[in-house]
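Worksheet for the structure shown next.
The values are calculated or read from the model by the stated rules, or taken from the named source; none is laboratory data. For clarity, every value in this text was computed on a predicted model and none was experimentally measured. A quick note on method: Cβ atoms are made from the backbone with ideal geometry, for glycine too, and the neighbour counts reach across all protein chains shown. SASA here: full protein model, heavy atoms, side chains in, ligands and nucleic acids out. Shrake-Rupley method; radii C 1.70, N 1.55, O 1.52, S 1.80 Å.
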Amino acid sequence: MLLIAGLLLAGCGARADAAAHTRTVLAMDTVMTLTAYGENADAALAAAETEIRRLDALLARGEPESAVYALNHNGYLDADSGGEVEALLTLAAELADATDGAFDPTVALLLELWGFGGGAEKHRVPSPEELDVARSFVGMGHVHRSADGQSVTLDLPAQIDFGGVAKGFTGARAIEILRERGVTGATLDLGGDVALLGAKPDGSAWRVAVRDPADGEAYLGVLETAGDVFVMTSGVYERYFEENGVRYHHILDPKTGRPADSGLVSATVVCADGAWADALATACCVLGEDGALALRAHLADTTPFDLILVTDDARVRCTTEAFAPETGNGYTYELIG
Ligand code: ADP
Ligand code: MG
């Protein structure tokens with residue numbers, strides 16, 4: 001009976017498909033789980049996966065076939081592959097500007113020196129002299145975009161890395177593809193970062209668990225939100241190595257050339273723009289508590305966003321009442337008005 005009712009309802013076409021359709025994608029060094037509701041969800045998810053794979057192949061710094069690899073090795077990208085990378089560099093320049101250089105994709109040369117990303121990991125602590133030389137090639141001033149927006153030149157040995165923005169940028173593209181194909185609700189788990197589209201079939205709010213930076217199995221609390229929003233987290237616990245008992249992580253402060261030492265262990269940004277959400281989360285880890293809140297105030301009119309910050313002395317500071325913290329986990333929680 002139920003099956004028949006289901007078929008009849010599906011056949012009448014007016015009712016949205018309430019079933020969740022999912023797809024798992026291994027891309028951008030992580031496991032992504034894409035879930036969509038609505039008509040055409042399966043076909044739409046397949047199209048989203050294709051786009052995710054295309055952007056992964058275009059942007060991966062360590063992939064010899066990628067456009068970013070070509071730019072980093074030749075110092076030049078022409079219109080064929082350059083157009084899209086050029087657009088991303090224009091966005092990156094805006095982001096670098098807005099964050100006073102805390103987010104900067106030319107941090108790549110420093111990442112290379114520390115042995116993060118870019119292929120085989122060869123972690124080591126660079127000397128102060130090496131860091132000084134590399135830092136002189138950090139800054140968007142070393143990236144030159146042609147007036148027609150079709151090509152890019154790079155002052156080698158300056159390098160580009162889109163690791164701090166790629167997931168947000170790609171998630172936003174995937175969401176657009178789902179929307180265009182009639183999907184009415186979707187959650188894209190991009191490996192701890194989440195993109196939300198529209199509404200659940202039953203109209204209830206989305207609930208996004210925010211990870212406890214100290215414990216991969218636990219969560220800090222749950223964010224309840226409507227769709228069309230990105231919840232992006234950057235944390236210094238994601239990738240690191242240890243040498244002589246000191247931990248060195250993968251979010252670098254472009255100003256010092258060293259792993260950010262801002263007092264924050266993670267920053268979660270809730271924002272309507274995916275690329276901005278991702279980059280702002282990375283930037284906030286560099287800027288620290290006060291810097292992150294100042295950045296939020298600075299961007300209030302152009303790119304409003306909410307923050308959930310976790311400090312290295314176990315404080316959680318949050319700018320939205322939509323976040324319900326877990327209790328009894330050792331964190332003190334403060335809602336910032
Ligand atoms: P993930 O969620 O994958 O950990 P994040 O958004 O936290 O990614 O970004 C971390 C990545 O961003 C690093 O692995 C590196 O590729 C890049 N990155 C590190 N520091 C910076 C920085 N200051 N500005 C821009 N990108 C950075
Ligand atoms: Mg980021």
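Just one residue in the set 319, 302, 332 is closer than 20 Å to residue 221 by Cβ, of a type in the set (Val, Ile, Thr) and either open to solvent by 30 Å² or more (accessible area, probe 1.4 Å) or modelled with pLDDT under 95 (or both); that residue is 332.
Considering each residue of segment 309-319 in turn, none proves to be assigned to a loop (DSSP other than H, G, I, E, B), out of contact with any Asp or Glu (no Cβ under 6 Å at 6 or more places or on another chain), within 13 Å of ligand 1 (Cβ to nearest atom) and more than 21 Å from residue 208 (Cβ to Cβ). Of all residue pairs spaced 6 or more apart or on separate chains, none has beta-carbon atoms under 6 Å together with a first member in segment 275-291 that is within 19 Å of residue 237 (Cβ to Cβ) and basic (Lys, Arg) and a second member that is assigned to a helix (DSSP H, G or I) and within 13 Å of ligand 2 (Cβ to nearest atom). Does segment 255-270 contain at least one residue that is hydrophobic (A, V, I, L, M, F, W, C) and either more than 15 Å from ligand 2 (Cβ to nearest atom) or surrounded by fewer than 17 Cβ atoms within 10 Å (Cβ to Cβ) (or both)? Within segment 255-270, not a single residue is hydrophobic (A, V, I, L, M, F, W, C) and either more than 15 Å from ligand 2 (Cβ to nearest atom) or surrounded by fewer than 17 Cβ atoms within 10 Å (Cβ to Cβ) (or both).
Only residues that are part of a strand (DSSP E or B), closer than 23 Å to residue 276 by Cβ and either modelled with pLDDT under 95 or among the polar types (S, T, N, Q) (or both) were counted across segment 211-234, and they come to 4.
Per the listing 43, 19, the residue uniquely touching a residue at least 24 places away in the same chain (Cβ under 8 Å), closer than 30 Å to residue 206 by Cβ and either open to solvent by 40 Å² or more (accessible area, probe 1.4 Å) or not in a helix (DSSP H, G or I) (or both) is 43.
When you scan segment 143-164, do you find a residue that is touching a helix residue (DSSP H, G or I) at 6+ places or on another chain (Cβ under 7 Å), closer than 22 Å to residue 278 by Cβ and surrounded by fewer than 18 Cβ atoms within 10 Å (Cβ to Cβ), even just one? No: segment 143-164 contains no residue that is touching a helix residue (DSSP H, G or I) at 6+ places or on another chain (Cβ under 7 Å), closer than 22 Å to residue 278 by Cβ and surrounded by fewer than 18 Cβ atoms within 10 Å (Cβ to Cβ). Scanning segment 46-76 for residues that are outside any helix (DSSP H, G or I), open to solvent by 40 Å² or more (accessible area, probe 1.4 Å) and farther than 15 Å from residue 119 by Cα turns up just one, 76. Looking only at residues in segment 78-137 that are of a type in the set (Ser, Thr, Tyr) and assigned to a helix (DSSP H, G or I), the one that is modelled with the highest pLDDT is 106.
Taken over segment 266-303, the criterion of being outside any helix (DSSP H, G or I) and either within 10 Å of ligand 1 (Cβ to nearest atom) or at positive phi (or both) is satisfied by 266, 267, 269.
The residue list 252, 220 contains one member that is of a type in the set (A, V, I, L, M) and within 16 Å of ligand 2 (Cβ to nearest atom), which is 252. With surrounded by 17 or more Cβ atoms within 10 Å (Cβ to Cβ) and among the aliphatic types (A, V, I, L, M) as the only criterion, which of 79, 102 stands out? The match here is 102.
Within segment 222-253, the set of residues being within 17 Å of the chain's Cα centre (by Cα), open to solvent by 60 Å² or more (accessible area, probe 1.4 Å) and within 15 Å of ligand 1 (Cβ to nearest atom) comprises 238, 239.
Summed over segment 199-221, the residues that are closer than 27 Å to residue 19 by Cα and either open to solvent by 20 Å² or more (accessible area, probe 1.4 Å) or in contact with a helix residue (DSSP H, G or I) (Cβ under 8 Å, 6 or more places away or on another chain) (or both) give a count of 11.
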